[in-house]
Amino acid sequence: MKFDVEKFMAEIIAKNPAEPEFHQAVREVAESLEDFLNDNPKYIENKILERIAEPERVVMFRVPWVDDKGEIQINRGFRIQTNSAIGPYKGGFRFHPSVTLGSLKFLGFEQTFKNSLTTLPMGGGKGGSDFNPQGKSDMEIMRFCQSFMTEMFRHIGPETDVPAGDIGVGAREIGYLFGQYKRLANQFVGVLTGKGREYGGSLVRPEATGYGTVYFAQHMLALNGEEIRGKTAVVSGFGNVAWGAAKKLHELGAKVVAISGPDGYVYIEDGITAEGVDYMLDLRASNKNIVSPFAEKFGAKFIAGKKPWEVKCDIAFPCAIQNELGIEDAKALVANGCKYVVETSNMGCTAEAVEYLVANVEFAPGKAANAGGVACSGLEMSQNAEKRSWTAEEVGAELAKIMKGIHETCVKYGKSADGKVNYVKGANIGGFIKVADAMIAQGIV
Ligand code: GLU
């Protein structure tokens, strides 16, 4: 029995039409796993990849709500419960107009491998809505969250499915979602992560994704005898993940020369300051989804309508959204001497860009580099289960340990004979094994 990527993909595409991002995510994993599967036929015989690519359950529902003008609005809500072989479904909610069934299926698929890489007992899932928080009042956001949770609450639970934040879902939204869950379920439980400190949230969770990706970058650099101090970095986005990455990079002595938004990018010649890092939080909270006010406030240059990949740097951190970095961007980065691309958004680079970057720089895929966020969510679940809070030092030390472990896993499964590490291959094989072995042990379910 041989694993044939093209045959497998033809079935995936026929079964899941019009879901290009899902096809992209599945193809990347299938290509990475091809040789490994052929060397380990038990995974082929058990049709493990075919089973992972079919979510265990998909929930899709109407989310009606009333805006500030009294007009009725209708959005669509989703939860993709991809895989529960190694723990309850776990993964964020995304509120963004680009959200579709297919985009969440790709995210749930990625999450399954990512969560496995953390070594914590978390299955994979993802959810969200095509609701656009941009320009909405606080009360509109609250009413939307309450309506969304009114249906969602029956599908989730601390031992079943534990959602969290993602694009468009931060501490404010998690608070409203948690409040409505508690009211409906009549239970105060750790059903969501990314909660506020006052009601069961974990220290370091807000910073965790951004910190984690920088820790991962440090390990990549160390393999080449380099360090982060003194390096020039470009970060895309200005939300929670970009903020955490910029904060840690600044703290470690790297120079962050660009951040970006859907409106363009800000070039910060001398590097972002601590005040600049803090201001990123105000920008996100303003619900305007533009980065240009940063340039006005700090006298930096704003380049409208452009992506930051044209800026010269040593390390690039795509921290915004899927497929934000294409082949031309990848070529521009390499031409400008960039040596490391640490994908921090989920599938932030197109397939073409990934192929080019793997061949030309050190490239880490999002499912490895951005796993610090969900890892810290796993630590929040542990704290909730034992009804206590760990110190920032305890959580921070665990996070650093987990990121080091993920890097080691990538090296273990991704190192080729010439010593070069293919992090994409390493992450995909490393994430697959635990899920696959658990699925075989549990029978055909
Ligand atoms: N949305 C984040 C991710 O893509 C975090 C998920 C979580 O904490 O459950 O991994």
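With an 8 Å Cα cut-off and a minimum separation of 6 or more residues, compute the relative contact order for the stretch 239-324 in percent.
33 percent
What ranking do 327, 174 get, fewest neighbouring Cβ atoms within 10 angstrom at the top?
Ascending number of Cβ neighbours within 10 Å: 327, 174.
For the stretch 255-328, rounded, prolate or oblate, judged on the Cα gyration tensor with a ≥ b ≥ c (square roots of eigenvalues), a/c < 1.5 rounded, else prolate if a/b > b/c? Can you show the working numbers first?
Values: a/c = 1.64, a/b = 1.24, b/c = 1.32.
It is oblate, given that a/c is not under 1.5 and a/b is not larger than b/c.
Could you name the lysines in cross-link range of residue 415, using Cα to Cα under 17 Å and dropping any fewer than eight places away on the same chain?
Qualifying lysines at Cα under 17 Å: 404, 425.
Between 223, 203, 357, where does the largest GNM mean-square fluctuation fall for the chain, given springs only between Cα atoms within less than 10 Å?
Residue with maximal mean-square fluctuation among 223, 203, 357: 223.
Determine, for 440, 228, the number of other Cβ atoms within 10 Å of each Cβ, and report the residues in order from fewest to most.
440, 228
If you stretched the chain out fully between residue 184 and residue 278, how much longer would it get, using 0.36 nm times the residue separation minus the C-alpha to C-alpha distance?
Here the segment from residue 184 to residue 278 would lengthen by 30.3 nm.
So which GluC sites (Glu not before Pro) in the stretch 243-277 pass both tests, a DSSP loop state and at most 16 other Cβ atoms within 10 Å of the Cβ?
Those satisfying the criteria are 269.
Suppose we keep just the DSSP beta bridges with both residues in the chain; what percent of those would be antiparallel, to 5?
For the chain, the DSSP antiparallel bridge percentage is about 60.
May I ask you to sort 106, 298 by Cβ crowding, counting other Cβ atoms within 10 Å and putting the fewest first?
On the way: 106 24, 298 15.
Sorted ascending by nearby Cβ count, the order is 298, 106.
Name the residue from 438, 397, 411 whose Cα lies farthest towards the positive end of the charge dipole of the stretch 386-445, charges +1 on Cβ of Lys and Arg and -1 on Cβ of Asp and Glu.
Highest projection toward the positive end goes to 411.
Give me the one-decimal nm value for the distance between modelled label points at residue 47 and residue 13, 7 Å along each residue's Cα-to-Cβ direction.
Taking the two extended label points, one gets 2.1 nm.
Which shape class applies to the stretch 372-427: rounded if a/c is under 1.5, otherwise prolate when a/b exceeds b/c and oblate if not, where a ≥ b ≥ c are the square roots of the Cα gyration tensor eigenvalues?
prolate
Just the number, please: Stokes-Einstein D of the chain in µm²/s, Kirkwood Rh from C-alpha pairs, 25 °C, 0.890 mPa s.
In µm²/s, the coefficient rounds to 112.
What FRET efficiency, computed as 1/(1 + (r/R0)^6) with R0 = 60 Å and r the Cβ-Cβ distance, is obtained for residue 397 and residue 2, rounded to the nearest 0.05?
The value I calculate is 0.85.
Grab the beta carbon distance between residue 360 and residue 222, set R0 = 30 Å, and tell me the FRET efficiency rounded to 0.05.
Taking R0 as 30 Å, the efficiency between residue 360 and residue 222 is 0.90.
In the chain, if the dipole is taken from +1 on Lys/Arg beta carbons and -1 on Asp/Glu beta carbons about the Cα centre, which of 111, 100, 176 is farthest to the positive end?
176
So, with +1 on the Cβ of K and R and -1 on the Cβ of D and E, and no other charges, what is the size of the charge dipole of the stretch 56-154 about its Cα centre, to the nearest 20 debye? All intermediate terms of the calculation are to be shown ahead of the outcome.
Values: 13 positive and 9 negative charges, 69 e Å.
For this selection, approximately 340 debye.
Taking DSSP loops as anything outside H, G, I, E and B, show the longest stretch in the chain free of trypsin sites (Lys or Arg not before Pro) there with at most 16 other beta carbons within 10 Å. Write out the running numbers ahead of the final one.
Working: sites that count: 2, 47, 69, 229, 288, 306, 312, 387, 388, 420.
Longest site-free region, per DSSP loop and neighbour criteria: 70-228.
Among rounded, prolate and oblate, which fits the stretch 339-381 when a ≥ b ≥ c are the square roots of the eigenvalues of its C-alpha gyration tensor, a/c under 1.5 means rounded, and a/b larger than b/c means prolate?
Prolate.
Past 23 Å, Cα to Cα, is the threshold; run 306/339; 90/367; 105/387; 126/367 against it and keep the listed order.
Violating the 23 Å Cα-Cα cut-off are 105/387.
Would you tally the net charge around residue 226, using a Cβ to Cβ cut-off of less than 11 Å, leaving residue 226 out, and scoring K and R as +1, D and E as -1? Write out the running numbers ahead of the final one.
On the way: positive: 229, 231, 339; negative: 227, 314, 362.
Charge balance in the 11 Å sphere: 0.
Considering Cα pairs under 8 angstrom that are at least six residues apart, work out the relative contact order of the chain and quote it in whole percent. Walk me through the numbers on the way to the answer.
Values: 940 pairs, mean separation 66.1, N = 445.
Rounded, it is 15 percent for the chain.
Values in this text are rule-based calculations from the coordinates and carry no lab data. Model, not experiment: these values are computed from the prediction. Because the Cβ atoms are built from the backbone with ideal geometry, glycine has one as well, and the counts that use them run over all protein chains shown.
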